[in-house]
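**Student:** Below you will find the structure I want to go over with you.
The values are calculated or read from the model by the stated rules, or taken from the named source; none is laboratory data. The structure displayed is predicted, hence computed values, not measured ones. Protein only, heavy atoms only, side chains kept; ligands, DNA and RNA dropped before computing areas. Shrake-Rupley method; radii C 1.70, N 1.55, O 1.52, S 1.80 Å.
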Amino acid sequence: MVLTNIEELLEKYENGETTLKEEQQLKHYFTQETVAPHLEMYKPMFAYFLVNQQEQFTKDVSLKTKRTFNYKWLSVAAVAVLMVGFYFNIPINQEDLGTYTEGETELAFNEVTKSLAMISNHFNKGTNAISYLDEMNKGKSALGYLNEIENTRKIIFKN
């Protein structure tokens, strides 16, 4: 090979513009015994590429599968337990349904009413805590209105 051709290929190689065939020519040139003295520094690099190309990984890779906990089955089991619990808590005989006295049902009704009132009170406290968001929305709409006025002013004075 002509030395100038090799130097041109090296220039292209350093710029990343060589084709695979040109790289093969460079590898072939630098694996020879006789290389131009000013190009000796490239010889170890191309020798490394040839050796590296022939290396193979021979170590066995063990693929250990990691067991992950499937939460879907946990929810299915929880639903099954709840359904079984509800099934066994239902009175079997129709006679058992009417055994509550009027005082007991009124007491149960009052307890449920108190519980629902307490829950409602807590929800109302939560909505009061975020009522400032409405004020922010009012301010935002006012800013939008001011922006419209400013845009209109720009249009009028531009013409």
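**Student:** Can you work out which of the residues in the range 29-44 that are open to solvent by 100 Å² or more (accessible area, probe 1.4 Å) and outside any helix (DSSP H, G or I) is nearest to GLU7 (Cα to Cα)?
**Tutor:** Applying the filter and picking the extreme gives THR34.
**Student:** Here is a further query. Within the range 77-100, count every residue that is at pLDDT 75 or above and in a loop (DSSP other than H, G, I, E, B).
**Tutor:** Within the range 77-100, residues that are at pLDDT 75 or above and in a loop (DSSP other than H, G, I, E, B) number 0.
**Student:** Still on this structure: Of all residues in the range 45-68, which are in a helix (DSSP H, G or I) and open to solvent by less than 100 Å² (accessible area, probe 1.4 Å)?
**Tutor:** Of everything in the range 45-68, those that are in a helix (DSSP H, G or I) and open to solvent by less than 100 Å² (accessible area, probe 1.4 Å) turn out to be MET45, PHE46, ALA47, PHE49, LEU50, VAL51, ASN52.
**Student:** Moving to a separate point now. Just need a number here: residues in the range 124-159 that are within 33 Å of the chain's Cα centre (by Cα) and in a helix (DSSP H, G or I).
**Tutor:** The total comes to 9.
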